[in-house]
Amino acid sequence: MTIYINDYAITSPLGYGVDETRKNLFSGISPGMGPTDKYSPGRALYLGQVNDALPDLAQTPIKHRSRNNQLLSASFNQIEDRFFLLSSGIEKSRIAVIIGSSTSGISDEEEVFPYALENQKFPESFDLAQRLFCSPAHFLADRLGISGPTYGISTACTSSAKAIISGARLLKSGMVDLVIAGGVDTLCKFTVAGFTSIESVSEGRCNPLSVNRSGINIGEGSALFILSREPGGISISGWGESSDGYHISAPDPDGKGGEIAIKSALSMANKQCNQIEYINLHGTGTNHNDSMESKLIDRLGFGCPVSSTKALTGHTLGAAGAIEAAISCLTLDGDGHLPPHIWDGAQDPALPQLNLASSLPDSPKVVMSNNFAFGGNNTSLILEKA
């Protein structure tokens, strides 16, 4: 049984919507990337921000009012018409909503904390439900009146990739007929401070695979997919998941868990390594991730072009898997241009020299997107032109 992507949407530092994202992505331009001390007062950091005007949620219940849900709504609005067309005639109980996030409404909670400390209560404009990990999924399901499986996934940087996989699995099982799956994450002081405390944040633009790499750029954004068994332009031909539990924040240096995920995806898709035409790397720009991932890609024998797009989006944490899957879809829908690998060109002699993306004579037909998360959680997606 084949699972298809019938439509997709993206809102990120690259821009609003598929068309703007495509234009900026393949030009190597990102309007939302730049230094700011908004989330680290007194210390400017290079972050990926969404600067577009977001939908107003003032008329929604307080529990749904968060910047995170505004970002999610911005992406859903791009595919709303297509969703209603595809969902016509399908029972609401046969539609699922699965959204990955690692922040949910934490940024909104941060804004009201001074009031809460002074008054020993939160203001009436805030509801703790805003910051639950299931909030984005329930917000969207409530907006659409959906009564099918609705839940959030929070497994750090694999959250939204796992949401896509979970949606595909529900469709394969026959439990549902249509799925909205994806991810959303919002910049907040909490995550910026957290990654800074473990010395994983770069003050300048991140530099994946470079000998000069010094950490990540945190970003925000959302991406959504409409999945079904009805034929569409792109299929999810394979996926793999693993959880090796090597360390709370560092990947297994041998990439054993990542290898399991990638091989599982290849097996499901009935593909060999030499049939993958482009790989979107997790490519965070940290010492440990880049070492593990580049050695893994080299060891498995992938010779295709690869790139990390995190210098263009920032590391959007729980939304990374979905945003990079959307970028992979744009690559399949393109004309041979590949997402550029933005770095300083200083090869790390301790790492294998990968085939960094430039362009192909024609658009690729099979691509892979990998994500690796804290706690040794790993995912791999194979997307294919249908």
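The values are calculated or read from the model by the stated rules, or taken from the named source; none is laboratory data. Bear in mind the structure is a predicted one, so any value in this text is a computation, not a measurement. When we count neighbours, we look across all protein chains shown, and the Cβ atoms used for this are built from the backbone with ideal geometry, even at glycine.
Would you mind listing the helices (runs of 4 or more DSSP H) fully within the stretch 88-178 where at least 2 residues are of a type in the set (Lys, Arg) and under 28 Å from Asn6 (Cβ atoms)?
159-173
Looking at the stretch 351-374 only, could you name the residues that are surrounded by 18 or more Cβ atoms within 10 Å (Cβ to Cβ), within 19 Å of Ala161 (Cβ to Cβ) and out of contact with any strand residue (DSSP E or B) (no Cβ under 7 Å at 6 or more places or on another chain)?
Of everything in the stretch 351-374, just one residue is surrounded by 18 or more Cβ atoms within 10 Å (Cβ to Cβ), within 19 Å of Ala161 (Cβ to Cβ) and out of contact with any strand residue (DSSP E or B) (no Cβ under 7 Å at 6 or more places or on another chain), namely Ala373.
Which number in (1) in contact (Cβ under 8 Å) with a residue 60 or more places away in the chain; (2) within 15 Å of Asn371 (Cβ to Cβ); (3) not polar (S, T, N, Q) marks the one condition that Leu296 misses?
The failed condition is (1).
Considering only the stretch 75-82, I want to know if a residue exists there that is crowded, with 17+ Cβ neighbours inside 10 Å and of a type in the set (Phe, Trp, Tyr).
yes
What about Ser267, is it outside any loop (DSSP other than H, G, I, E, B), among the hydroxyl-bearing types (Ser, Thr, Tyr), touching a strand residue (DSSP E or B) at 6+ places or on another chain (Cβ under 9 Å) and in contact (Cβ under 8 Å) with a residue 40 or more places away in the chain?
No; evaluated as a whole, the condition is false for this residue.
Mind checking which pairs have a first residue in the stretch 50-67 that is more than 12 Å from Ser125 (Cα to Cα) and of a type outside the set (Asp, Glu) and a second that is crowded, with 18+ Cβ neighbours inside 10 Å and modelled with pLDDT under 95, Cβ under 6 Å, 6 or more apart or different chains?
Qualifying pairs under 6 Å: Arg67/Ser107.
For residues in the stretch 182-220 being under 19 Å from the mean Cα position of the chain (by Cα) and part of a strand (DSSP E or B), which is nearest to Leu72 (Cα to Cα)?
The extreme case among them is Val184.
In the stretch 173-213, what count of residues is obtained for those that are under 26 Å from Glu109 (Cα atoms) and β-branched (Val, Ile, Thr)?
7
Any residue at all in the stretch 255-278 that is among the aromatic types (Phe, Trp, Tyr) and more than 22 Å from Val18 (Cβ to Cβ)?
no
Inside the stretch 68-109, can you point out the residues that are on the phi > 0 side of the Ramachandran plot and touching a residue at least 24 places away in the same chain (Cβ under 8 Å)?
Ser104
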